[in-house]
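The values are calculated or read from the model by the stated rules, or taken from the named source; none is laboratory data. What you see is a predicted model, and the numbers here were worked out from it, not measured in a lab. These area figures cover heavy atoms from the full protein model, side chains too; ligands, DNA and RNA do not enter into them. Shrake-Rupley method; radii C 1.70, N 1.55, O 1.52, S 1.80 Å.
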Amino acid sequence: MLVSSLAAVLTSGVILVLIMPWIRRLSVAIGAVAVPNHRTMHDSIMPRLGGLAIFLSFMSAVAIFYSKLVPALPGFWALLIAACVIELVGVLDDVYTLSAKWKMLGQLIAAAIVAFSGFTIDQIHIPFAYDIYFPGWFSILLTIFWIVGLINALNWIDGLDGLATGIAGISCLSLGIIAAITGNIPVLIISLTLLGSLAGFYLFNSEPASIFMGESGSAFLGFVLAVLSILGFKQAVFVSFIIPLLILGVPILDTLLAMVRRGLQGRPLYEADRGHVHHRLTDLGVSRRSTVYTLYAVSAFLGICAIILTKASNSGITLVMLLLLVALLILAGAQLVGIMKGKRSFYQVFRKLKRVRDEK
């Protein structure tokens, strides 16, 4: 298992590094570039087809380990077809800038392929309580909602150099460790294969980035992470909705905050803005690099909590930790969208303190 794991990481990482120069040239040649605007955090035109490099390196490595994955995952071919669908939509958006409805259609098709192939969320285990089983139709709808939600969550968190790449990498590592603990070889191999691709891509995407992952990257990463979370916890005795939520906590929290914020402002939920967590931190005067590292730390902390919960017993300590995490997430959400009493969030307080300091 150790040899296969190391081989998966190295294979996908090396492939990505080797093909990246061609992907960058292709991105510029076909006009798949990101132009700065009032929402973006970059100041110059950048190639944004990096997600294609992630996809190609990942799929190439998966092909090498295909014989190890198929026996444990009947219907694995359906997952690969769905991944190709979501990548095709992402590439088309990077080149032609598709409307939201066409992107959503592609996401729904890919998610539906997964759900109707039998890979569904059909039960959850509530810690300290009991299992909840869902009827078939509800499992399919819940699975589609989960996959589409994660696709957009990764897209919205992709706002700073290396941010989405690092958070996705930390999520892959967390999923891989839990898969190793529970003996889930397919999830371990797929997680580490994607981790290798992300490690290679980070060399080009960390600040200062020379290429962005674009929709072809964020959508593909969100899709794979959503599917991995389903495969990783579907049959394990510790199945819990809390564990995948913790592993993917940063993009999920940011997405929920964005939806609440836009709802309160009476704006469409999918309308882009500059209110995401990384925007707020940089607006406070935190450097872009420090913002990225801060969100890495939060993501790593949540991943560690998820790993601990994998082996934790129903003890008072576990319950306190869960309650603390829930309280912190709720408080962060309330503060970031400014909906606490008097709408005096920490964000506003910090802005006033900074203004007072600058006046001295």
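General observations
- At the residue level, TRP146 shows approximately 40 square angstrom of accessible surface with a 1.4 angstrom probe and all protein chains present.
- The overall shape of the range 105-176 is oblate: from the C-alpha gyration tensor, with semi-axes ordered a ≥ b ≥ c, the ratio a/c is 1.5 or greater and a/b is no larger than b/c.
- Accessible area, probe 1.4 Å, largest first, for residues MET213, MET59: MET59, MET213
- Residue-normalised accessible area of the range 151-191, expressed per residue, 1.4 Å probe, Å²: 21
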